[in-house]
Amino acid sequence: MHEVILSVGIDIGTSTTQLIFSRLTIENRASSYTVPRIQIVDKEVIYRSLIYFTPLKSNTEIDAEAVKKIVRDEYQSAGIKPEDVQTGAVIITGETARKQNANDVLEALSDLAGDFVVATAGPDLESVLSARGAGADKLSEENRTTVANLDVGGGTTNIAVYQKGTLRGVCCLDIGGRLIKIADGRITYIFPKIQDLAKKYGIDLKVGDPAEEQKLRKVCALMADQLAQSLHLKPMDGDHAGLYTNSGKPLPAEPEIKAITFSGGVADCVYQKMEGDLFRYGDIGVLLGQAIRENPDLQTVQLFQAAETIRATVVGAGEHTTEVSGSTIHYAEGKLPIKNIPILKVSEEDEASLETFRSSITHQMPLYQPEGEIEQIAIAFNGEKRTSFAEVQKLAAAIIDAAKEVIASKYPLILVVEADIGKVLGNALNVLLDYKKDVICIDGIKTLSGDYVDIGEPVAEGHVVPVVIKTLIFNS
């Protein structure tokens, strides 16, 4: 079996909106006498849209119809019809995700994006997506080191830290290139936190003031200094805690960061020397990029080139691996099918002990609470070293302890395991939960953090379920 499918990725960010079309070649790599295993054997970006400023009606409202027109026009420019596209993702990120009508935008795009992965990415999850798009996870694994990716956008800087390929921490700060806007040589907008930061250092900024280069360079130097503090490259000052988005938390002090990458709209201004008009984008993005590049504390760690910069968050979407679960599975009657469930992945390294297993789930859980409330998720792990009856019982207890928010929610508890323990683990969870919680536990499936999973209705007399793993396609 050999098939070519078309995928679209749509990223609606604080500053920019863009599309990517990819051609994916899929084949059945299994032999004639085994369960089919469909894999992508080739992927090719065939069209990259123009990069547009995200249209807004006001500071709190996205212009949904204008976004839809951008997407529709780019479909036409690419020579692609909506019905030609089989898979993809629509991601709303950064400040845009906090706009009051973000869901209206997703609805407006429904006829162009179909039944794809659709997400309003909270700041923590966006940190993971952009870091993977920038290739920070691969760089950390290949170089056996700790790499932080700083996705410096228009409204926020999303940071994710990877140690030898494993996610170790995320945070998000209200630092970005469009937090001070400029038109006709004058300041037209100042984000309150940045205005307060400047004032504490004796820099007076007001809307309507002339855009004085030296004054704005000093403000950008303060912003770059705060990024260095967020990476623990210098001590945090009294202003630092107030700059985290949604009163978020800083990165853990360990592991020590050894290298950095940059993505987002400001990243090209970090990696390249921008000549000409400093305010060409109507903001301080160029100056902020220069300040980051020149910051002495950020220069103390190695700088890697990111695989993608402004296109990091969504380089494409819809890597589409259709699988059939193992036959030793457990599922709650009437709860299938389910679609587009994000994966919370516990690394094999964190599975080494039940303590680190619990800690991994607990620390990642906030990634899936963009509005402060848990969303439907699936917890995924390997499980190969915990296949005995006694170990499965301990594993079930650890899951219950770590996933309290899911268990207390209206959603079923979903586990996706590689090892052949789905049925016994599901039964153990049911017993410990007194059969008061719907449990779905499937096995024989490999996933990555950031994936989405579809689980279909049982087939083969209920012995197996079809599973689709959807992975955002990042540069490789």
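The values are calculated or read from the model by the stated rules, or taken from the named source; none is laboratory data. Computed from a prediction, not measured in an experiment: that's the story for all the values here. Virtual Cβ from ideal backbone geometry, glycine too; neighbours counted across all protein chains shown.
Below is a table of values for the structure above.
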item	result
1 or more residues modelled with pLDDT of 75 or more and under 30 Å from Gly282 (Cα atoms): qualifying strands (runs of 3 or more DSSP E) within region 13-93	16-28, 38-48, 56-58
Per-region count, region 48-72, residues free of Cβ contacts under 8 Å to residues at least 24 places away in the same chain and touching a Leu at 6+ places or on another chain (Cβ under 7 Å)	1
Residue list for region 354-379, restricted to those being of a type in the set (S, T, N, Q), in a loop (DSSP other than H, G, I, E, B) and over 14 Å from Ile407 (Cβ atoms)	Gln369
Residue check for Leu344: farther than 25 Å from Gly169 by Cα and in contact (Cβ under 8 Å) with a residue 40 or more places away in the chain	no
Some residue of region 367-379 being in contact (Cβ under 8 Å) with a residue 60 or more places away in the chain and among the small types (Gly, Ala, Ser)	yes
The listed residue being of a type in the set (Gly, Ala, Ser), without any contact (Cβ under 8 Å) to a residue 12 or more places away in the chain and more than 22 Å from Gly154 (Cβ to Cβ), out of Ala241, Ala259, Ala253	Ala241
Region 282-307, subset out of contact with any helix residue (DSSP H, G or I) (no Cβ under 9 Å at 6 or more places or on another chain) and assigned to a loop (DSSP other than H, G, I, E, B), residue surrounded by the fewest Cβ atoms within 10 Å (Cβ to Cβ)	Gly282
Tabulated pairs, region 185-208, first under 16 Å from Gly238 (Cβ atoms), second surrounded by fewer than 18 Cβ atoms within 10 Å (Cβ to Cβ) and among the small types (Gly, Ala, Ser), C-beta under 7 angstrom, 6+ apart or interchain	Lys193/Gly242
